[in-house]
Amino acid sequence: MVWVCGRPAATRTPHQPAPPAPLQGVVGNRAGARTALGAFVSSSTVTARRLSAAALAAAAIVGAVALPASAADLARPDRTKVEISAVQYDAPGREDRSRRSLNKEWVELTNTSRRTVNLDGWTLKNEDGDTYTFDHYRLDGRATVRIHTGWGHDTDSDLYMDRHNEVWDNRSDTATLRNDHDRFIDDESWGRHHRHGGHQHGGGRHH
């Protein structure tokens, strides 16, 4: 110890560095981030939030990509189409209500699609309400069937109404096709005041 002017001089001690200031954003030895309110959030919490945000963003992108496909599937039209392709409403030759004469009166249906169509419960009707109902019949794709007024043995290409008098009026009438839910499918008209598809029809046979 050194005396200076009768007082002991302060003893020099080795320089002790000041304790390091706490690192910003460090809590419990875990790096974090300071919030607007001065609180600290651990890095694990930040990471979890970032992962959650990334997952939500990815889900949103996937949903945005998948939605149009689903909408397209729902909006995809049914391409199955059956139409009245021809009508012979005036049987050629003598109309004597014989089996031969009645079977020369017919309506022809064509499946213009590639898919087989189940016609069970479908109806073919004239303007007077006379109706033929299809019974357990399937029309193959690109195939045609004729529905004859008279009677006979049903085949894949010919069906019979089993009637003993004419169904289709030679002067003016309309053949209307509906499905098993009574939904309109197609029709064919002939006569002076009847039109179908913008074309007027006449004569004993219509295509």
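The values are calculated or read from the model by the stated rules, or taken from the named source; none is laboratory data. Please read these numbers as outputs of a predicted model, since none were measured by experiment. When we count neighbours, we look across all protein chains shown, and the Cβ atoms used for this are built from the backbone with ideal geometry, even at glycine. Only protein heavy atoms, including side chains, enter the accessible area calculation; ligands, DNA and RNA are left aside. Shrake-Rupley method; radii C 1.70, N 1.55, O 1.52, S 1.80 Å.
In table form, for the structure just shown:
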| item | result |
| --- | --- |
| The range 126-150, residues that are surrounded by 14 or more Cβ atoms within 10 Å (Cβ to Cβ), in contact with an Asp or Glu (Cβ under 7 Å, 6 or more places away or on another chain) and outside any strand (DSSP E or B) | N126, E127, F134, Y137, T149 |
| Hits in the range 154-171 - residues which are more than 38 Å from the chain's Cα centre (by Cα) and without any contact (Cβ under 8 Å) to a residue 24 or more places away in the chain | D162, R171 |
| Total residues in the range 81-94, condition touching a residue at least 12 places away in the same chain (Cβ under 8 Å) and either of a type in the set (A, V, I, L, M, F, W, C) or open to solvent by 80 Å² or more (accessible area, probe 1.4 Å) (or both) | 6 |
| Unique residue being out of contact with any helix residue (DSSP H, G or I) (no Cβ under 8 Å at 6 or more places or on another chain), modelled with pLDDT of 95 or more, within 28 Å of E95 (Cβ to Cβ) and not charged (D, E, K, R) when the list is V117, V167 | V167 |
| Residue match in the range 108-117 (condition: out of contact with any Leu (no Cβ under 9 Å at 6 or more places or on another chain), assigned to a strand (DSSP E or B) and either buried (at least 16 other Cβ atoms within 10 Å of the Cβ) or free of Cβ contacts under 8 Å to residues at least 24 places away in the same chain (or both)) | yes |
